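Worksheet: the structure to be examined is printed underneath.
The values are calculated or read from the model by the stated rules, or taken from the named source; none is laboratory data. What you see is a predicted model; the values in this text were computed from it and never measured. Methodologically, a virtual Cβ is constructed for each residue, glycine included, from the backbone with ideal geometry; neighbour enumeration extends over all protein chains shown. Keep in mind that these areas ignore ligands, DNA and RNA; they rest on the heavy atoms of the full protein, side chains included. Shrake-Rupley method; radii C 1.70, N 1.55, O 1.52, S 1.80 Å.
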Protein chains: 2
Amino acid sequence: MEPREPPLADLFSPRGVAVVGASPADRASFATHVVRSLKEAGFPAIYPVNPKHTKVLDLPCYPSLRAVPGAVDHVIVSIPAELALGMLDDCAAKGVKSVHFFTAGFSETGDEKGAELERAMLAKARAGGFRIIGPNCVGLFVPKSRLVTATGMPLEPGPVAFISQSGGHAHDLPYHGAPRGLRFSKVVSYGNALDVDECELLEYLSDDPETEIIAAYVEGVRDGRRFLSALTKATARKPVVVYKGGTTDAGKRAAHGHTASLTSSTAVFEAVCRQANAIQADDIETLVDVLVALRFVSPLLRGNGAAVAGLGGGPSVLASDEMEKAGLRLPPLSQEVQAELKRFLPVAGAILRNPVDATTLLFPEAISATMRVLGAVPEVDVLVYHLGFHPVSRWGAGLASSPTFLRATIDALTDARRATGKPILLALRPAADWNGMKEFLAAQDAFVGAGFPVFHSLRQAGAAMARVAAWNLG
Amino acid sequence: MEPREPPLADLFSPRGVAVVGASPADRASFATHVVRSLKEAGFPAIYPVNPKHTKVLDLPCYPSLRAVPGAVDHVIVSIPAELALGMLDDCAAKGVKSVHFFTAGFSETGDEKGAELERAMLAKARAGGFRIIGPNCVGLFVPKSRLVTATGMPLEPGPVAFISQSGGHAHDLPYHGAPRGLRFSKVVSYGNALDVDECELLEYLSDDPETEIIAAYVEGVRDGRRFLSALTKATARKPVVVYKGGTTDAGKRAAHGHTASLTSSTAVFEAVCRQANAIQADDIETLVDVLVALRFVSPLLRGNGAAVAGLGGGPSVLASDEMEKAGLRLPPLSQEVQAELKRFLPVAGAILRNPVDATTLLFPEAISATMRVLGAVPEVDVLVYHLGFHPVSRWGAGLASSPTFLRATIDALTDARRATGKPILLALRPAADWNGMKEFLAAQDAFVGAGFPVFHSLRQAGAAMARVAAWNLG
């Protein structure tokens, strides 16, 4: 009888971590970067392992895993593939719970020897009573346990879980999501999915009380029926967003070379997602956008009617086009509502028809009053305010960079949100120059800190909102 | 007989400009911002006009246009609409060539009085022998003449012309295009198109020797037949990219409120563009991308086969999907080509199938060698190198921020471009934090300075290239 694999729950709170293959000053060494990241994150017990060195970044370095004095639950391995089996013997001897292989060069090379080696590795893991993550991945990011493999990750725990067949995406999503307010329970990069795979992870996360929203980047699934069942179980309990890589011929070729994934037909995969009521995304930017919408807008959203206000006729026309194309409705405003707006907005150079565009929509009083009027329209479910960060939109006065102005704008929007009871989201268009970007990032921080969902274009806001509205109403 | 309107050519090299409605310290005044912009650009003869003031930003301010001592060719007007007719009498008396009305509150308000006022204004312009730009627009930007209405614009002249019914877009395109290497001959924001309209501008720019590429943002055209004829004339001589705003119900409503445009059916408009062989864009970002591709890639492009190289399996899979979806081909690499790559790229953790992904593709030697091998593949017409700017892609060593490294990378790519004779484009993924953005913007500057087209994602690079390749081959 095959030994039963230990449960995933054991993986997420290791107390001792060994990093095999770390070296003192190798500029591009993953293992060294992992040691640095763990140190910066304040992980308590880090054990670099490398027979060639005695110190790595001021930590004692051990010649082998067996030579590590303390207990080791989790091992991060970055050594050549041909040393993998010996390494796993050491792991069994040390009594670890999990081994993450950053190491690549297995089945994804397309070489039969790589696939054979993987089978031998799995047998050793089962016999040793521990789990393998990867190979060919960046492993675990668990903020609560200070377990990281990269710097720049948000260390405050939060409700989003992300499972990713790509290591790059596993680093990218938390990094790009952090300034937008996303915080994470568990991020698992699982690469070739030799042992821990997307199905088991989905099942685990469905039950995980620390996870409220699940995101997944999948290149291929081995067992379609099990995947549908795991996905359906997950979506019954919490929103799940799936980004499928490898949807074209070249993408399939790349995915096979990347994680040995035999990607299924895109149409079948999309049908599976629809059947399971999962939200679909088609790149990391969209994934971040949809997660922001789920986290900060979804609980308050009652329908797909949007009202848009901001400065600029061009952006307003674009907003209308993009939002309606994405599937939101921009209900026209009645004569009565337009008359109300005319009481405090200038008519000249303004559009008062939803979108609302007026030069004074740069000032807190006008923003607040406009949002209140729009929020009272029954067909409007979500309010959108957009703002461009470039020298012209700040007409020579550095308006957006003034902390007083920023504070007043945030207060105005917060009041309007409270008064209308409807979600307000912001489309802040990034700048193209240094000064503008500094102001943009500072403003984004302040808005996100006040609990507002921030998107980087009206198109992206519309696309994310439309998906979440469809899911909310579905 | 109606007087014939003076030719557009007279509009682009004014020697004296009056700015009517400027005031000393009004934070959000367009006219004051125009005076500041003209001063910063070094325009020689700027005459603020406002009966309430005697000085504006250290310049003498005159009580009326007639009181201006020097010659005035061009007048920029930002005063209430009801004062427009009197203003035009002053213009006739002063013998100006053109009047730009920033002022809004005319036909776009939907009020019959506004449309009536516009007709009276046009009659005065014809009688006075001058042209009207707008109303309801930001007018002219002519780098060669130092004529600007906004700060932050690229003042070095170049081959791109842009005509825009939206003032916001007329400022946004040069601002966002500048760091990507775009420089401009003429930018005309024409708003309600009372006198100067898109057809006349297209005809003029077709013959303009300073313009090699034409971009247009159009909300509505009054005379479809004339538009088709002007567009066809232009596309016969130079590439024309058209972004049409107001393609949905809400967008049409917004466009009508914005510039009084009665937008035609989107299907008809798209058919007109296809018939005239114009390239279509659907937002300002795409417009910038397509212009970059036309300016820096198009002359060298022979087909739609692309080879992609860079670091990261996830981005590589995305690249493949996005580029093939956009209409480019990523030809698979033969065993022979893969064997050549294996001579210097590590096999483990790498994809050698196009896209090519290997950890060493962060180093100049590997980048150069890879590009040379890929560039020698006959089915490959364009080479793409992608690079992410976030803490992880620089694995703890600040590689991308090192000037030596940046210089070496640029040299490697320049050598490869020369050796292969094929265009190389860069997809640089922006950072999410301030340090990363600083490095991103510095690297973008350096790459653009070396003549490389830079895009901000593989998706955007693919979308722009596919449009330009289709147009090149069409």
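Checked across the range A:223-240, the condition of being hydroxyl-bearing (Ser, Thr, Tyr) and crowded, with 24+ Cβ neighbours inside 10 Å holds for no residue. When the range A:440-458 is filtered for residues that are within 11 Å of another protein chain (Cβ to nearest Cβ) and more than 17 Å from A:His176 (Cβ to Cβ), the ones remaining, listed by number, are A:Ala442, A:Leu458. Among the conditions (1) surrounded by fewer than 20 Cβ atoms within 10 Å (Cβ to Cβ); (2) touching a Lys or Arg at 6+ places or on another chain (Cβ under 7 Å); (3) within 26 Å of B:Asp249 (Cβ to Cβ), the only one that B:Glu203 does not satisfy is (3).
Total residues in the range B:172-191 satisfying the condition of being in a loop (DSSP other than H, G, I, E, B), crowded, with 24+ Cβ neighbours inside 10 Å and more than 8 Å from the chain's Cα centre (by Cα): the figure is 2.
Before we move on, is A:Val288 touching a His at 6+ places or on another chain (Cβ under 6 Å) and at pLDDT 95 or above?
So A:Val288 fits the description; yes.
For B:His176, the conditions (1) more than 14 Å from chain A (Cβ to nearest Cβ); (2) touching a residue at least 60 places away in the same chain (Cβ under 8 Å) all hold with the exception of (1). Do we have B:Pro63 as more than 14 Å from chain A (Cβ to nearest Cβ) and closer than 28 Å to B:Leu122 by Cβ here? So B:Pro63 fits the description; yes.
If you go through the range A:404-418 and keep only what is surrounded by fewer than 18 Cβ atoms within 10 Å (Cβ to Cβ) and within 26 Å of A:Asn304 (Cβ to Cβ), you end up with A:Thr414, A:Asp415, A:Arg418. Note on the range A:300-312: residues that are touching a Pro at 6+ places or on another chain (Cβ under 9 Å) and over 10 Å from A:Val468 (Cα atoms) amount to 7.
Quick check on B:Ala234: is it of a type in the set (A, V, I, L, M) and in a loop (DSSP other than H, G, I, E, B)? Answer is no for this residue.
Here's the yes/no breakdown for (1) assigned to a loop (DSSP other than H, G, I, E, B); (2) over 30 Å from A:His169 (Cα atoms); (3) open to solvent by less than 10 Å² (accessible area, probe 1.4 Å); (4) in contact (Cβ under 8 Å) with a residue 24 or more places away in the chain:
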residue	(1), (2), (3), (4)
A:Leu287	no, no, yes, yes
A:Val290	no, no, yes, yes
A:Arg302	yes, yes, no, yes
A:Ala307	no, yes, yes, yes
A:Ser316	no, yes, yes, yes
A:Ser320	no, yes, yes, yes
A:Val337	no, yes, no, yes
A:Asn354	yes, yes, yes, yes
A:Thr360	no, yes, no, no
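Determine whether A:Asp282 is within 14 Å of chain B (Cβ to nearest Cβ), under 18 Å from B:Ser457 (Cβ atoms) and open to solvent by 10 Å² or more (accessible area, probe 1.4 Å). Considered against the rule, which asks whether it is within 14 Å of chain B (Cβ to nearest Cβ), under 18 Å from B:Ser457 (Cβ atoms) and open to solvent by 10 Å² or more (accessible area, probe 1.4 Å), A:Asp282 comes out as yes.
Of the listed requirements (1) under 26 Å from A:Ala326 (Cβ atoms); (2) at pLDDT 85 or above, A:Asn472 misses just one: (2). If you go through the range A:1-39 and keep only what is modelled with pLDDT under 90, hydrophobic (A, V, I, L, M, F, W, C) and surrounded by fewer than 23 Cβ atoms within 10 Å (Cβ to Cβ), you end up with A:Met1, A:Ala25, A:Ala28.
Scanning the range B:104-119 for residues that are open to solvent by 10 Å² or more (accessible area, probe 1.4 Å) and closer than 16 Å to B:Ile79 by Cβ, which turns out farthest from the other protein chains (Cβ to nearest Cβ)?
Looking at residues that are open to solvent by 10 Å² or more (accessible area, probe 1.4 Å) and closer than 16 Å to B:Ile79 by Cβ, I get B:Glu118.
Restricting attention to the range B:303-354, the residues being hydroxyl-bearing (Ser, Thr, Tyr), more than 24 Å from A:Tyr217 (Cα to Cα) and either within 10 Å of chain A (Cβ to nearest Cβ) or under 35 Å from the mean Cα position of the chain (by Cα) (or both) number 0. When the range B:147-171 is limited to residues that are open to solvent by less than 10 Å² (accessible area, probe 1.4 Å) and in a strand (DSSP E or B), the one that is nearest to the other protein chains (Cβ to nearest Cβ) turns out to be B:Ser164.
Among the residues of the range B:419-431, those identified as in contact with an Asp or Glu (Cβ under 9 Å, 6 or more places away or on another chain) and either surrounded by fewer than 21 Cβ atoms within 10 Å (Cβ to Cβ) or in contact (Cβ under 8 Å) with a residue 60 or more places away in the chain (or both) are B:Lys422, B:Pro423, B:Arg429. If you check A:Pro80, A:Pro44, A:Pro48 for being of a type outside the set (Ser, Thr, Tyr), open to solvent by 50 Å² or more (accessible area, probe 1.4 Å) and without any contact (Cβ under 8 Å) to a residue 40 or more places away in the chain, only one passes: A:Pro80. Kindly establish whether A:Gly462 is at pLDDT 90 or above, surrounded by 21 or more Cβ atoms within 10 Å (Cβ to Cβ) and within 12 Å of chain B (Cβ to nearest Cβ). Here the answer is yes, as A:Gly462 does meet what is asked. Looking across the range B:365-376, just one residue is within 14 Å of chain A (Cβ to nearest Cβ) and either surrounded by fewer than 19 Cβ atoms within 10 Å (Cβ to Cβ) or part of a loop (DSSP other than H, G, I, E, B) (or both), and that is B:Glu365.
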